[in-house]
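Only one structure is covered here, and it is reproduced in the block below.
All of the numbers you see were taken from the coordinates with simple rules; none came from a lab. What you are looking at is a predicted structure, and each value in this text was computed from that prediction instead of being measured. Cβ: placed from backbone, ideal geometry, glycine included. Neighbour counts: every protein chain shown.
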């Protein structure tokens, strides 16, 4: 009797990099619009900055704290972000990072502080990147300052204290740290012309 092959749910999962690229594509479109040159520049900048946010920020911090962070494309957030961009603002990010406490090394541990730090790592990476880009702005002022502004914007959007976003996780851990991060991000964004 031949054995039946079972198809696991895992075999149909979209790879994390596809979630990442879909998110970058949506945010690049929201920022650059339908103009091909604007879109390509925005997409390239967003890929670099989201990579820092998601991989160098969240995934690195999650690994450090023994948790697992997974990037998930958020179609509703992407659609809202694109639609609101026509009115001059982007209200939601195109993705979110799911921090899985069940896949941690210490399943019984209280993760409030750890999750707050993991959540803060993404926006913090964007704040640091923006400061570095401003410092390098003499090399290519318009591109560096544009990139710094987008980096601050990614931090701001992700620091909104609503469900699934980094801001709520940070605020649950420390309102003071959340407040400092949002003030730095908004100030940096507003100071760049």
Seminar exercise, completed: Here the equivalent ellipsoid of the chain, derived from its Cα gyration tensor, has semi-axes (largest first, whole Å) of 30, 22, 14
Problem set entry | Potential extension, residue 140-residue 76 segment - 0.36 nm per residue separation minus Cα distance | 19.6 nm
Exercise. To the nearest 10 degrees, how steep is helix 141-158 against the longest Cα principal axis of the chain, on a 0 to 90 scale?
Worked result: 50
Problem set entry | Interatomic Cα distance distribution for segment 105-193, bins of 5 angstrom, percent | 3, 16, 24, 19, 14, 10, 7, 4, 2, 1, 0
Seminar exercise, completed: Quick calc: nm separation of the 7 Å Cα→Cβ label points for residue 51 and residue 172 -> 3.1
Exercise. Once both axes come from the Cα atoms, what is the angle between helix 112-135 and the longest principal axis of the chain, in degrees from 0 to 90, rounded to 10?
Worked result: 30
For this session: Counting helices only, and only those DSSP H runs with n ≥ 4, report the 222 nm mean residue ellipticity of the chain as the sum of -39,500 (n - 2.57) divided by its residues, in deg cm²/dmol to the nearest 500.
Result: -19500 deg cm²/dmol
